[in-house]
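Participant: Pasting a structure below so you can have a look.
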There are 2 protein chains.
Amino acid sequence: MSSNPDLRFAAAKHEELATEKGARTRAHILDTALRLFHERGWRETTMRAVATEAGVSLGNAYYYFSSKESLIQAIYARSHEEHADASADVLANETAFGERLRGVMRAKLDTLAPYHRFAAVLFSTAADPASPLNPWSEASAAVRREATALFGRVLHESDARVPKILESELPELLWTYHMGIILFWIHDRSPGCAASYRLAERTVELIARLVAVSRLPPLRPLIRALLAVMDEVRGAAPQSAPA
Amino acid sequence: MSSNPDLRFAAAKHEELATEKGARTRAHILDTALRLFHERGWRETTMRAVATEAGVSLGNAYYYFSSKESLIQAIYARSHEEHADASADVLANETAFGERLRGVMRAKLDTLAPYHRFAAVLFSTAADPASPLNPWSEASAAVRREATALFGRVLHESDARVPKILESELPELLWTYHMGIILFWIHDRSPGCAASYRLAERTVELIARLVAVSRLPPLRPLIRALLAVMDEVRGAAPQSAPA
DNA sequence: GTCTATAACCGGATAGAC
DNA sequence: GTCTATCCGGTTATAGAC
């Protein structure tokens, strides 16, 4: 995993290939940034403040993180790992499809919680097709693949029986769904993001039901049409990230 | 419409209440900005360049547009009006639901075309919950309502027969769908955005079919669950826009 | 080569005079 | 309503230390 240059560019460059001290400096800057983002928010935290608080010069901070955004990229990768860890338990012990999905979605919201304060910026820069943070960008391909695989495990090691044509596509559909929940969560101002948890519960149930009825004959052509659309979407828009 | 302060704040303030000259200056700055965004892109166009090209000082440009983003807001409102105009024809003459929806979606893509070059920024800032450009924000409420009403006309003046419980909610679902198409379009790099048109065609057909089968008894509980989720989503996340 | 620092550049935004 | 002058913060150039 950490050998993947897309996902782990900075880590590979500094934590593996470079010196011990460099790795520690980098980690320290990242931790400091994370703390300041929590305390003050994203816009309110200047790179100068991050550098000062971390006890390094501004130029040095930029040596490790090429931009303020790239700090987010590092946080993004960290969050994904936390989610995978938090999902391990349900994935190992549950067999019911609905329960597995519910557990993974809960784990997602749980692990995201500490980032809620500045998640808006994370997502909004991620929405820019030109940004490497964009989920469809090359830079994000590795994380996206891994996350999709996670949803693949939700499905394939479960008791669910779905039509063959749908089976291979469903993980990606589930990943897209989970992005939708995140979008909602970003806007969620309810205490403890309770609304997001509730929404996840309901939609998980809805999806479980949809999966259950997916074998009904009259729905077959609809599913086929849906998959055709997905192919279409996947085929287009593979832009790289221009500077 | 222009009496609505949310949608038309700047316009109301300057085009209606202020002087002739001020209105002309404002329009000229906006036109200049639009041209420069086309020619150079968003990031590459500086406020200084806009001011210089428009023949005004930097401070003066900021007198009319409180931020670089607020230029986009003005463009956003303009685009919506263009869409409504371009949709008038199909809405007046077509009766088949699928055809009406197809026409309105085509009109959307047609009218959006000139903005494709810098649409990414438009959308990415719009994804920020704190941004007034956000479709769910108070500032956008008026445009959203109008756009939803447009999709209401697509449905209600058509020949489609849908279950009662769905009838009142479908317009908002269609609006959400149309946002999804826009998201795709933003990423679309195919010549003339042909992929987006194709996707719209396919999804319109898919939706028409879904609407047609929506009366199947076994789907009734699913629809009910879907509507419950929509209620949930609507209830939450009504954040205002902090500075 | 790896790391750190200082000084400067650039552009968004604001203050305040006219 | 318009300007000039200035601030502020992201980013870069570059020089040197280890």
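The values are calculated or read from the model by the stated rules, or taken from the named source; none is laboratory data. Computed from a predicted model, the values in this text were never measured in an experiment. Quick reminder, even Gly has a Cβ in these numbers, built from the backbone with ideal geometry, and neighbours come from all protein chains shown.
Participant: Take the residues of region B:109-128 that are of a type in the set (D, E, K, R) and more than 26 Å from residue A:187 (Cα to Cα): which is modelled with the highest pLDDT?
Facilitator: Of region B:109-128, the ones of a type in the set (D, E, K, R) are B:110, B:117, B:128.
Those left that are additionally more than 26 Å from residue A:187 (Cα to Cα): B:110, B:117.
Details: B:110: 97, B:117: 84.
That would be B:110.
Participant: Considering only residues that are free of Cβ contacts under 8 Å to residues at least 24 places away in the same chain, buried (at least 16 other Cβ atoms within 10 Å of the Cβ) and within 12 Å of DNA strand D (Cβ to nearest atom), which ones fall in region B:63-75?
Facilitator: Hits for region B:63-75: nothing passes.
Participant: Quick one: residue A:28 ticks every box in (1) more than 16 Å from DNA strand D (Cβ to nearest atom); (2) within 22 Å of residue A:132 (Cβ to Cβ) except a single one, so which number is it?
Facilitator: So residue A:28 meets the others, but not (2).
Participant: Give A:95, A:45 a once-over and let me know the one that is outside any helix (DSSP H, G or I), of a type outside the set (Phe, Trp, Tyr) and under 30 Å from residue A:206 (Cα atoms).
Facilitator: The conditions single out A:95.
Participant: Of all the residues that make up region B:115-150, how many are over 13 Å from the mean Cα position of the chain (by Cα) and of a type in the set (D, E, K, R)?
Facilitator: 3
Participant: In region A:184-195, what residues are at the interface with chain B (Cβ under 8 Å from one of its Cβ atoms) and buried (at least 16 other Cβ atoms within 10 Å of the Cβ)?
Facilitator: Across region A:184-195, the qualifying residues are A:184, A:186, A:187, A:188, A:195.
Participant: What residue, of B:162, B:154, B:233, B:211, is within 11 Å of chain A (Cβ to nearest Cβ), surrounded by 14 or more Cβ atoms within 10 Å (Cβ to Cβ) and of a type in the set (Val, Ile, Thr)?
Facilitator: B:233
Participant: Quick one: count up the residues across region B:78-121 that are under 19 Å from residue B:36 (Cα atoms) and in contact (Cβ under 8 Å) with a residue 60 or more places away in the chain.
Facilitator: Within region B:78-121, residues that are under 19 Å from residue B:36 (Cα atoms) and in contact (Cβ under 8 Å) with a residue 60 or more places away in the chain number 9.
Participant: Now a separate question. Please state which one of B:99, B:39, B:81 is within 16 Å of DNA strand C (Cβ to nearest atom) and away from chain A (no Cβ under 14 Å).
Facilitator: B:39
Participant: Is it fair to say residue A:142 is more than 14 Å from every other protein chain (Cβ to nearest Cβ) and closer than 13 Å to residue A:73 by Cβ? Steps first, please.
Facilitator: Numbers: more than 14 Å from every other protein chain (Cβ to nearest Cβ): yes; closer than 13 Å to residue A:73 by Cβ: yes.
The answer is yes for residue A:142.
Participant: Within 14 Å of chain A (Cβ to nearest Cβ) and away from DNA strand C (no atom under 16 Å from the Cβ): does that describe residue B:114?
Facilitator: no
Participant: What helices (runs of 4 or more DSSP H), lying completely within region B:150-243, carry at least 2 residues that are under 22 Å from residue B:123 (Cβ atoms)?
Facilitator: Numbers: elements: B:164-167, B:170-187, B:194-213, B:220-235.
Hits in region B:150-243: B:170-187, B:194-213, B:220-235.
Participant: A follow-up question, please. If we keep just the residues of region B:31-50 that are aliphatic (A, V, I, L, M) and within 13 Å of DNA strand D (Cβ to nearest atom), which is surrounded by the fewest Cβ atoms within 10 Å (Cβ to Cβ)?
Facilitator: Result: B:47.
Quick grid of which residues meet (1) in the same structural domain as residue A:156 (by TED's automatic domain parsing); (2) in contact with a Phe, Trp or Tyr (Cβ under 7 Å, 6 or more places away or on another chain):
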| position | (1), (2) |
| --- | --- |
| A:60 | no, no |
| A:80 | yes, no |
| A:89 | yes, no |
| A:109 | yes, yes |
| A:114 | yes, no |
| A:128 | yes, no |
| A:134 | yes, no |
| A:138 | yes, no |
| A:142 | yes, no |
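Participant: Please work out which one of (1) aliphatic (A, V, I, L, M); (2) within 16 Å of DNA strand D (Cβ to nearest atom); (3) within 21 Å of residue B:202 (Cβ to Cβ) is the condition residue B:101 fails and give its number.
Facilitator: All conditions are met except number (2).
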